[in-house]
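Scroll down for the structure; my scribbles are underneath it.
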Amino acid sequence: MNGEFINLDTAKKIQEDKNMDKDLLKIIEFYGVLPQLKYFQSEVFELNEAIIEYEDRKNISDFNLNMFKATAMPVKQHIIEEIADVMVMLMQFKEYYHMDGNDIMKIMREKIDRQLGRIENESK
């Protein structure tokens, strides 16, 4: 694993999958924006819980690396699944509101750069 959450090539492939876009739009139009927003909140909560579980196991297992390695993979897979769930929900909103993925990526880059600037300033 190269440490990237989702690289630009993957993001572009997802963005270019017009069938996926249509499917995501179909889902949110069927259930409605507000019910999907509530569902989104539960998905974010589940992701949060999966990350906390991983970190708790890591902290408990600090004294026993083998124990952590044995239990980490299923929990890590759970995090991957929850990230996918959250991304599916986000992409539904993106499609519903007819938002351009390039605009989102541009703003993400700006926010990342701004935060890196803050980190640099805090490090001085």
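Read-outs throughout are calculated quantities, based only on the coordinates presented, and are distinct from any laboratory measurement. Note that this is a predicted model, so its numbers are computed, not measured. Here Cβ is always computed from backbone atoms with ideal geometry, including for glycine, and neighbour counts include all displayed protein chains.
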The pairs in 26/111; 38/76; 13/111; 38/58 lying past 28 Å Cα-Cα in this model are 26/111; 38/58
Everything considered on the Cα gyration tensor (a ≥ b ≥ c; rounded for a/c under 1.5, else prolate if a/b is larger than b/c, else oblate), the range 14-123 must be described as oblate
Residues 40, 30, 93 arranged by fewest to most Cβ contacts within 10 Å
30, 93, 40
Give me the distance in nm between label points sitting 7 Å out from Cα along the Cα-to-Cβ direction at residue 77 and residue 110, one decimal.
4.1 nm
In which sequence would 99, 89, 20 go, from the one with the fewest C-beta neighbours within 10 Å to the one with the most?
99, 20, 89
Candidate aspartates and glutamates - alpha carbon under 15 Å from residue 106, same-chain residues fewer than 8 apart omitted:
9
